[in-house]
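Heads up: the structure comes next, in structure tokens.
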Amino acid sequence: MELCPINMRVVKSQLSHCLALFETMSDAGRDHRLTDLAAALDAPKSSVQRLLEHLMGEGWVEQDASTGQYRLTLRLGVLGQRYMQTAGIADATQGILERVARQTAELVRLTVVDQQKLIWIGSAQGAPAGLLYQPSMSGRIVSFATANGKAWLATLSDEEACEIALRDGLGKNPGNVGPRAIATIDHLRRELDVVRNRGFAVVEEEAEPGVAAMAVAVRDSATGLALGTTSVAGPVVRLRPERQQEIIPVLTSAAQELARIWPLSRLSPALESRILP
């Protein structure tokens, strides 16, 4: 039995709201009020509440009994992790990350470009016990304030890079960046020119106080497009400029090796078009 056009529009609208709801609630660091979710979706609270109730019944969303606020369950995260494992990225790249972590004695991480943003997909810790930098792998990557973000933005045109940075809160004091974060478009453009000329990005206390990082884009050899980025990060007191210069060749070599084995570059064009910007 075929759906009539009206029913098709209803289904499409519900699906769009469901996907938008998942994206809005993807910040695992906090719960969400019904009022805020309705505003984010630009939908009536009654409709959003019905959608939330349905998703709770299916095990995708849970509600805090004391506050009445909502959060995603781990089901979506587990599903995403299962997909990434199936795609082969984690298995194919983990050995490289661990080798770089041993060589640099710092935290090494890997991102993938997905729908005009970066997502953490792998890491290896090489720092000894003591002064250890170990951030969450679920945190949002602020494009203009992180080494990974700048390395990626530098592969795009200034127009695209500025559009993404503004969406991420550039110039709006987003509150989730460090004390030395870039605050203007002009500053960002100058910084991206520097990154393009030298081939890597460096930040010091731009993403977080007391933390420095270096990153290099992982580029598809055929198209030149950024598949993702890889970085080394640690306390500023350890990652002084002279040590950064020692690490950059190791990181650059790793990015080239990652590009050669990157599983997504060998998947179907339809999937690649959804991953690449």
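Being part of a strand (DSSP E or B), in contact with an Asp or Glu (Cβ under 6 Å, 6 or more places away or on another chain) and either under 30 Å from Leu74 (Cβ atoms) or modelled with pLDDT of 90 or more (or both): is that true of Ala124 here? Yes, satisfied. Only a single criterion out of (1) more than 17 Å from the chain's Cα centre (by Cα); (2) free of Cβ contacts under 8 Å to residues at least 60 places away in the same chain; (3) surrounded by fewer than 18 Cβ atoms within 10 Å (Cβ to Cβ) is not satisfied by Met137, namely (1).
Within region 156-190, the set of residues being more than 18 Å from Gln116 (Cβ to Cβ) and surrounded by 19 or more Cβ atoms within 10 Å (Cβ to Cβ) comprises Val177, Ala181, Ile182.
Going residue by residue through region 96-113, is there one that turns out to be farther than 14 Å from Gly228 by Cα, of a type in the set (A, V, I, L, M, F, W, C) and part of a loop (DSSP other than H, G, I, E, B)? There is at least one residue in region 96-113 that is farther than 14 Å from Gly228 by Cα, of a type in the set (A, V, I, L, M, F, W, C) and part of a loop (DSSP other than H, G, I, E, B).
Every condition in (1) under 22 Å from Trp120 (Cα atoms); (2) at pLDDT 90 or above holds for Arg82 except the one numbered (2).
Against the test of being over 17 Å from Val108 (Cα atoms), part of a helix (DSSP H, G or I) and of a type outside the set (Gly, Ala, Ser), the options Leu156, Leu192, Leu170 yield a single qualifying residue, Leu192. The number of residues in region 156-186 that are of a type in the set (Asp, Glu) and touching a residue at least 40 places away in the same chain (Cβ under 8 Å) comes to 1.
The set of residues in region 1-41 being in a helix (DSSP H, G or I), at pLDDT below 55 and of a type in the set (A, V, I, L, M, F, W, C) consists of Ile6, Met8, Val10, Val11.
Can you find, within region 228-262, the residue that is farthest from Val211 (Cα to Cα) among those that are within 18 Å of the chain's Cα centre (by Cα) and in a strand (DSSP E or B)? Filtering region 228-262 for residues that are within 18 Å of the chain's Cα centre (by Cα) and in a strand (DSSP E or B), the one farthest from Val211 (Cα to Cα) comes out as Gly228.
When Leu153 is tested against the conditions (1) crowded, with 20+ Cβ neighbours inside 10 Å; (2) aliphatic (A, V, I, L, M); (3) free of Cβ contacts under 8 Å to residues at least 24 places away in the same chain, the lone failure is (3). Beta carbons closer than 8 Å, at least 6 apart along the sequence or on distinct chains, never pair a first residue in region 192-212 that is not assigned by TED's automatic domain parsing to the domain that holds Pro174 with a second that is of a type outside the set (Val, Ile, Thr). Sub-6 Å Cβ pairs linking a first residue in region 90-119 that is assigned by TED's automatic domain parsing to the domain that holds Glu163 and surrounded by 20 or more Cβ atoms within 10 Å (Cβ to Cβ) to a second residue that is of a type in the set (S, T, N, Q) and modelled with pLDDT under 90, at least 6 apart or interchain, are Leu110/Thr93, ordered by first then second residue.
Being over 14 Å from Glu204 (Cβ atoms) and among the β-branched types (Val, Ile, Thr) is the filter; apply it to region 140-149 and report the residue that is surrounded by the most Cβ atoms within 10 Å (Cβ to Cβ). That would be Val142.
The values are calculated or read from the model by the stated rules, or taken from the named source; none is laboratory data. Every value quoted in this text rests on a predicted model; they were computed, and no experiment measured them. Virtual Cβ from ideal backbone geometry, glycine too; neighbours counted across all protein chains shown.
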